[in-house]
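Below is one structure, written out as structure tokens; the observations come after it.
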Amino acid sequence: MADRDALRELASLFKDRATLYAVGGFVRDTLLGVTPRDLDICSHLGVEDIKTMLSGTRFAVSGKSMRLGTATVSAEGFSAEYTAFRTDSYPEGSGVHRPSEVTFTRDMRADALRRDFTANAVYFDPLTEEYTDFVGGREDIEKRVLRAVRDPDAVFGEDGLRVLRLVRFAAELGFEPEENTFAAAKRYAAYVKDVAPERVFAELDKIFVADTAYPGLGVSDGHVRGLKLLDELGLTDLLLPELAALRGLEQPKKYHIYDAFRHSVEAYKAAEPSVRWAALLHDVGKKVACERQGNMHGHDAIGAELVRERLAALGMPPRRVRRTAELTACHMADLKGDMSENKLRLFIAEHAEIMDDLTALKRADAYATRGKDVGELRIERLWREMRSDGTPFSVGDLPVDGTDAQAAGLSGREIGDALSALLREAVINPVLRDRARALAFLKKRADRL
Ligand code: ATP
Ligand code: MG
């Protein structure tokens, strides 16, 4: 990461041939007084040049792209992304993130103008500690403004990812997009479609937890600002059409104060960072359920399927897709607090792995239904109690094991079946958490076979 002594050491190795600069987020965040997340460095030297120059030093050059002039420079406790000064050309009429042609240059100003926002185009010389700023970036950082480095239509017309970066930086840093910049972002928002899904997903994923990005900046509503900007740019419709379809979908007034779209947004706003995706999408099945059958029954299962498809298409990693779909499928569990206690205990034990997130989701859902805090939910209370009262959540938590089952006279598949059955009983009945009673349970089962 960004060890400043190592950065100076590296810069002095460049000194005879080039000035090495820090640029981008590192400079921006330093000027804002917060800890930078990573370090981007640059000079006019090509990647092959710096590789030769740094051989025999403690800095290694790896993961290079000759075409883009990029590489990672690392040493013990230090890592930086290097980019040679360059200008990029992009294919016309598309937002694809990959430049079609890259031209290396000695002209630092040209390098600044191929970047996205002025706040990201300030250069810092670690040896002299001087800044070079061709585009008014320092002033914009001070004013907390995001402004395109040049004609905003050209900036957004080249690379659809920049629209999402605009939203992300606005959300994370609490910066205001400058008017013309925002207007152009809106004109080119559809170019986001040309960007690889994984990149789009990575930006959305950061936007949805933008409030946690820079604790030092005190932007406590970053995720709310981010979603609002996405919506204003038409990106909810473009990227999350099942969510957009909930607009204006009325819900029974008896339970709900908002329509299904507003309810989803309110749930997202209130949700803890770990469940923002689930909170935003948990009700997407409602529209389809209504169309199919005229009511919302089964919207949890329908929604889980829609969530699975949408998130996979967006490039969310499969494990997280499965988890978000499962949360969606389970969000109605004990909604009215009237499930039998035994059934609810079994449900909780079976879903122990997702229960922290599920209770977080259900809390956000309940808040967004009524528009106010509803206190601890019954499922939350039971989950809390079960974790402290010795409830077993897996076969490994039982006071007996496979060897005991064998000794009791069980064999093969019967062993696993018997332990699973015992687990279900022991979740409900504390008596079976006693070893002697558990052994008796196994014996009885063996005798019955
Ligand atoms: P972060 O804090 O997320 O690292 P960053 O501004 O450093 O923010 P990086 O993705 O690390 O962003 O990129 C480093 C710099 O490269 C940016 O500050 C910007 O100047 C330039 N850059 C990155 N992506 C783009 C892009 N899609 N279009 C134009 N310039 C870009
Ligand atoms: Mg960076």
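Out of curiosity, is Val122 in contact (Cβ under 8 Å) with a residue 24 or more places away in the chain, under 20 Å from Arg28 (Cβ atoms), in contact with a Lys or Arg (Cβ under 7 Å, 6 or more places away or on another chain) and of a type in the set (A, V, I, L, M)? Before you say what the answer is, go through the steps one by one.
Numbers: in contact (Cβ under 8 Å) with a residue 24 or more places away in the chain: yes; under 20 Å from Arg28 (Cβ atoms): yes; in contact with a Lys or Arg (Cβ under 7 Å, 6 or more places away or on another chain): yes; of a type in the set (A, V, I, L, M): yes.
Considered against the rule, which asks whether it is in contact (Cβ under 8 Å) with a residue 24 or more places away in the chain, under 20 Å from Arg28 (Cβ atoms), in contact with a Lys or Arg (Cβ under 7 Å, 6 or more places away or on another chain) and of a type in the set (A, V, I, L, M), Val122 comes out as yes.
What are the pairs, 6+ residues apart or on separate chains, where a residue within the stretch 151-168 that is farther than 16 Å from Leu227 by Cβ and of a type outside the set (D, E, K, R) has its Cβ under 6 Å from a residue that is near ligand 1 (Cβ under 8 Å from one of its atoms) and modelled with pLDDT under 95?
Listed pairs, sorted by first residue: Leu161/His97.
Exactly one of (1) within 16 Å of ligand 1 (Cβ to nearest atom); (2) over 17 Å from Tyr123 (Cβ atoms) is unmet by Glu92. Its number?
Result: Glu92 passes all but (1).
With the requirement that a residue be surrounded by fewer than 19 Cβ atoms within 10 Å (Cβ to Cβ) and assigned to a helix (DSSP H, G or I), what does the stretch 299-320 give you?
If we filter the stretch 299-320 for residues that are surrounded by fewer than 19 Cβ atoms within 10 Å (Cβ to Cβ), which is where we start, we get 301, 305, 309, 312-315, 317-320.
Passing the criteria: Ala301, Glu305, Glu309, Ala312, Ala313, Leu314, Pro318, Arg319, Arg320.
Of (1) within 16 Å of ligand 2 (Cβ to nearest atom); (2) crowded, with 17+ Cβ neighbours inside 10 Å; (3) part of a strand (DSSP E or B), Thr72 satisfies all except one. Which?
(2)
Suppose we keep only residues that are among the acidic types (Asp, Glu) and touching a helix residue (DSSP H, G or I) at 6+ places or on another chain (Cβ under 6 Å) within the stretch 128-159. Which one would you say is most open to solvent (accessible area, probe 1.4 Å)?
Our first condition is that a residue be among the acidic types (Asp, Glu); within the stretch 128-159, this holds for 129-130, 133, 139-140, 142, 151, 153, 158-159.
Keeping just the survivors that are touching a helix residue (DSSP H, G or I) at 6+ places or on another chain (Cβ under 6 Å) gives 140, 153.
Details: Asp140: 5, Asp153: 45 Å².
The selected residue is Asp153.
What is the one condition in (1) surrounded by 20 or more Cβ atoms within 10 Å (Cβ to Cβ); (2) over 24 Å from the mean Cα position of the chain (by Cα); (3) away from ligand 2 (no atom under 16 Å from the Cβ) that Thr87 does not satisfy?
Failing condition for Thr87: (1).
If Asp107 meets every condition in (1) away from ligand 1 (no atom under 12 Å from the Cβ); (2) open to solvent by less than 30 Å² (accessible area, probe 1.4 Å); (3) among the acidic types (Asp, Glu) apart from one, which number is that one?
Against the list (1) away from ligand 1 (no atom under 12 Å from the Cβ); (2) open to solvent by less than 30 Å² (accessible area, probe 1.4 Å); (3) among the acidic types (Asp, Glu), Asp107 comes up short only on (2).
Identify the residue in the stretch 169-208 that is hydroxyl-bearing (Ser, Thr, Tyr) and open to solvent by 10 Å² or more (accessible area, probe 1.4 Å) and, among all such residues, is nearest to Leu229 (Cα to Cα). It would help to see each step written out before you state the result.
So in the stretch 169-208, the residues hydroxyl-bearing (Ser, Thr, Tyr) come out as 181, 188, 191.
Narrowing the set further to residues that are open to solvent by 10 Å² or more (accessible area, probe 1.4 Å) leaves 188, 191.
Numbers: Tyr188: 14, Tyr191: 16 Å.
Restricting to residues being hydroxyl-bearing (Ser, Thr, Tyr) and open to solvent by 10 Å² or more (accessible area, probe 1.4 Å), the top hit is Tyr188.
Enumerate the helices (runs of 4 or more DSSP H) found wholly within the stretch 342-449, keeping only those where 1 or more residues are open to solvent by 50 Å² or more (accessible area, probe 1.4 Å) and over 30 Å from Tyr258 (Cα atoms).
Numbers: elements: 355-370, 378-388, 402-407, 413-428, 435-448.
Because the criterion is at least 1 residues that are open to solvent by 50 Å² or more (accessible area, probe 1.4 Å) and over 30 Å from Tyr258 (Cα atoms), the helices (runs of 4 or more DSSP H) in the stretch 342-449 that meet it are 378-388, 402-407, 413-428, 435-448.
Test Asp417 against the criterion of being within 39 Å of the chain's Cα centre (by Cα) and modelled with pLDDT of 95 or more, and give yes or no. Quick ask: steps written out before the conclusion?
Numbers: within 39 Å of the chain's Cα centre (by Cα): yes; modelled with pLDDT of 95 or more: yes.
For Asp417, the condition - within 39 Å of the chain's Cα centre (by Cα) and modelled with pLDDT of 95 or more - is met.
Could you please give the count of residues in the stretch 119-153 that are at positive phi and touching an Asp or Glu at 6+ places or on another chain (Cβ under 8 Å)? Outline the logic, then answer.
As a first pass, look at the stretch 119-153 and keep what is at positive phi: 129, 136, 144.
Of the ones still in play, those that are also touching an Asp or Glu at 6+ places or on another chain (Cβ under 8 Å) are 144.
Of the residues in the stretch 119-153, 1 are at positive phi and touching an Asp or Glu at 6+ places or on another chain (Cβ under 8 Å).
Given Ser62, Ser94, which one is more than 16 Å from ligand 2 (Cβ to nearest atom), among the hydroxyl-bearing types (Ser, Thr, Tyr) and open to solvent by less than 30 Å² (accessible area, probe 1.4 Å)? Walk me through it before giving the result.
On the way: Ser62 fails: open to solvent by less than 30 Å² (accessible area, probe 1.4 Å).
Sole residue among the options that is more than 16 Å from ligand 2 (Cβ to nearest atom), among the hydroxyl-bearing types (Ser, Thr, Tyr) and open to solvent by less than 30 Å² (accessible area, probe 1.4 Å): Ser94.
Condition first: in contact with a helix residue (DSSP H, G or I) (Cβ under 8 Å, 6 or more places away or on another chain) and in a strand (DSSP E or B). Now tell me which residues in the stretch 88-102 satisfy that.
Asp88 - this is the single residue of the stretch 88-102 that is in contact with a helix residue (DSSP H, G or I) (Cβ under 8 Å, 6 or more places away or on another chain) and in a strand (DSSP E or B).
Tell me, which residue of the stretch 4-58 that is open to solvent by 20 Å² or more (accessible area, probe 1.4 Å), within 16 Å of ligand 2 (Cβ to nearest atom) and not in a loop (DSSP other than H, G, I, E, B) is nearest to Val102 (Cα to Cα)?
Among them, the one singled out is Asp40.
Residue under question is Met339, and the condition is that it be assigned to a loop (DSSP other than H, G, I, E, B), over 29 Å from the mean Cα position of the chain (by Cα), buried (at least 16 other Cβ atoms within 10 Å of the Cβ) and not β-branched (Val, Ile, Thr); does it hold?
yes
Tell me, please, whether a residue that is within 25 Å of Ser12 (Cα to Cα), touching a Pro at 6+ places or on another chain (Cβ under 9 Å), at pLDDT below 95 and more than 10 Å from ligand 1 (Cβ to nearest atom) can be found in the stretch 35-47.
no
The values are calculated or read from the model by the stated rules, or taken from the named source; none is laboratory data. All values derive from a computational prediction rather than experimental measurement. Neighbour counts are summed over all protein chains in view; Cβ atoms, including those assigned to glycine, are modelled from backbone coordinates with ideal geometry. Note: areas computed on protein heavy atoms with side chains; ligands, DNA, RNA excluded. Shrake-Rupley method; radii C 1.70, N 1.55, O 1.52, S 1.80 Å.
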